[in-house]
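I have placed the structure first, in the form of C-alpha cells, so that the comments after it can refer back to it.
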Amino acid sequence: MTHRGPDAPTVLVTGAADGIGLAMVQTLLARRAATRIYASTRKLARAAALQELARSDARVRLLECDLTQPSQLQSALACVAAAGSLDHVINTAGVLHDEQGMRPERRLADVDPQAMLRAFSTNAMAALLLAQAAEPLLRKSKRPLFASLSARVGSIGDNRLGGWYSYRASKAALNMLLKTLSIEWSRGAQPITCVALHPGTVRTGLSAPFVKGSGDARVFSPAESANCLLDVLDSLTPAHTGNFYAWDGQPVPW
C-alpha cells in the first residue's frame, strides 16, 4: 500500500529517531515510496541521524511529540493537516527497558507496578491515542492505512516460555486495541486498513541486551526488517484489516 512513484502517499512514521523507525524512513526514501514523510520522535535533540536525514532530503518533515500526551499529538497532527494530507501511519514506538529501571521480568517477584504502567502507556495506549489524533486526516485519504509494530511475544497463543510480564501483556493489549479499532474503522464510506506487525528479532537498542537469549534463528538489521515490513504493507488490501502479520507476511496467532 505504499504505492511507489509519483502517486506515492504521505506517511507519518513515529519512533523515528533510531532503530526500525529510522530505517523505515530511510527505506521509504530509497524506494521513493512516499511523497512526504513526517518523522516523529519524543526528543528531537537526541535524534542526530534523523535531523541529518531531514537536512539532506526535503521530503522529510520532523515532528517532536510524546505519543502518550494527547495535547502534543493534537499539535503534531495539526501541523500535518496544515501542510496537506496524510495517507499512512506507521507506529514503531515501543519500550522494553528504560533508564528508570524497567527490565523484562523473569519471574513474578520481579513485577513492578510503575514499570508495568509505563510499558502499557507506551506500548498500548500511545498507539490508540495516535489513532485518535490521526483519524480525521486518514478519513480524508483514498488509501488510508494504520500499522503499528507489535511483537510475537504479545501473542497469547504463541506464549511457550512465560516471563516478560509487562512487555507481553502490553503488546497483547495493543493487539486487542488494534483489532477493536479495525472493526470500527471498517465501517463507513472510507474504511481504514488497520494491522499489527511483528518485525522479527531486530538488532536495536530495544532488543540488544536480550538478542542472544531470544531463541530466534535469525536476527535482522533495522534495514532488513524495514524492507520486509514495507513489502508486507505493499501487499495489503482493506480485506486484510484487523490482522496480525509477521515480517514475512505470515499471520501471527492472537
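Laboratory data are not the source of any read-out in this text; all were calculated from the coordinates shown. Owing to the predicted nature of the structure, the values given are computational and were not obtained by experimental measurement. Positions of Cβ are generated from backbone atoms using ideal geometry, with glycine treated the same way; all protein chains shown enter the neighbour counts.
Values as computed for the structure displayed
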item	result
Filtered residue count, the stretch 66-81, keeping only those that are in contact with a Ser or Thr (Cβ under 8 Å, 6 or more places away or on another chain) and in a loop (DSSP other than H, G, I, E, B)	2
Some residue of the stretch 70-93 being under 15 Å from the mean Cα position of the chain (by Cα), among the small types (Gly, Ala, Ser) and closer than 14 Å to LEU129 by Cα	yes
Scope the stretch 177-190; condition without any contact (Cβ under 8 Å) to a residue 60 or more places away in the chain and part of a helix (DSSP H, G or I); matching residues	LEU177, THR180, LEU181, ILE183, GLU184, TRP185
Counted residues, the stretch 236-254 - those being assigned to a helix (DSSP H, G or I) and touching a residue at least 60 places away in the same chain (Cβ under 8 Å)	0
Flag if PRO113 is without any contact (Cβ under 8 Å) to a residue 12 or more places away in the chain and not aliphatic (A, V, I, L, M)	yes
Residue within the stretch 111-131 that is in contact with a strand residue (DSSP E or B) (Cβ under 7 Å, 6 or more places away or on another chain) and of a type in the set (Ser, Thr, Tyr) present	no
Test: residue in the stretch 154-161 that is closer than 25 Å to VAL195 by Cβ, within 15 Å of the chain's Cα centre (by Cα) and of a type outside the set (Asp, Glu)	yes
